[in-house]
Amino acid sequence: MNTEYLKSARKVFADYKKMAEKTMEQLSEEQLYWAPNKESNSIAIIAKHLWGNMRSRWTNFLTEDGEKPWRDRDTEFEMDWKGRDILMQKWEEGWQILFNTIDSLKETDLDKTVLTRGEQNTVLDAINRQIAHYASHIGQIIYLGKMMKQEDWHTLSIPRGKSKEFNAKMIGK
């Protein structure tokens with residue numbers, strides 16, 4: 001059963017990663033760095049924050065606190081990356097650390113305790129915490145993308161007004 005959980009968690013992470021990437025693919029480089037106001041984050045800033053979080057949380061996941069002393073969270077919200085290439089390189093780096101860690105976990109690891117900012121959680125709870133965290137930020141990425149693309153947005157799921165058509169196709173009618 002726990003092995004199935006790890007497979008499921010990996011799939012959920014991969015699905016969210018893919019949704020964010022399908023959003024970013026629709027945007028120009030300029031749009032990736034655009035923010036609606038100075039108190040809001042751009043997609044690039046959100047991606048940088050996720051990169052920092054993934055590096056910190058998933059490096060030595062079972063043996064060190066998820067909040068590493070070398071992480072400088074505040075700088076994750078300052079944009080010093082230039083261009084789509086560096087953005088996507090760092091994005092992939094963060095996800096690779098996450099996937100390598102998930103792939104290395106064993107069923108027996110899920111009941112172990114790990115620390116995040118000194119707080120004890122089971123591995124299962126720590127994974128769920130990260131799924132929720134990343135889902136919220138990827139929702140922000142998608143929302144920003146839809147806001148910028150407006151009527152040129154290519155939906156990531158069933159297009160508005162097409163649910164009945166989709167359902168009929170899936171049922172085979």
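Bear in mind these aren't lab numbers, they're just calculated from the coordinates by the rules spelled out. Note that the structure is predicted; figures quoted are calculated from it, not measured. For neighbour counting, all protein chains shown are included, and Cβ atoms are generated from backbone atoms with ideal geometry for every residue, glycine included.
Restricting attention to the range 43-73, the residues that are without any contact (Cβ under 8 Å) to a residue 24 or more places away in the chain and either surrounded by 19 or more Cβ atoms within 10 Å (Cβ to Cβ) or not charged (D, E, K, R) (or both) add up to 5. For the range 35-42, does any single residue satisfy the condition of being under 20 Å from ASP125 (Cα atoms) and either buried (at least 18 other Cβ atoms within 10 Å of the Cβ) or among the hydroxyl-bearing types (Ser, Thr, Tyr) (or both)? The answer is no, given that none of the residues of the range 35-42 is under 20 Å from ASP125 (Cα atoms) and either buried (at least 18 other Cβ atoms within 10 Å of the Cβ) or among the hydroxyl-bearing types (Ser, Thr, Tyr) (or both). Scanning the range 78-94 for residues that are over 22 Å from GLU39 (Cα atoms) and in contact with a Phe, Trp or Tyr (Cβ under 7 Å, 6 or more places away or on another chain), we see that the one that is surrounded by the fewest Cβ atoms within 10 Å (Cβ to Cβ) is GLU93. For ALA35, the test of being touching a Ser or Thr at 6+ places or on another chain (Cβ under 7 Å) and among the aliphatic types (A, V, I, L, M) is passed. Residue count for the range 101-130 satisfying the condition of being within 16 Å of MET54 (Cβ to Cβ), exposed (fewer than 13 other Cβ atoms within 10 Å of the Cβ) and either of a type in the set (Asp, Glu) or touching a residue at least 40 places away in the same chain (Cβ under 8 Å) (or both): 2. Among the residues examined, TYR134 does not qualify as closer than 16 Å to MET19 by Cα and surrounded by fewer than 13 Cβ atoms within 10 Å (Cβ to Cβ).
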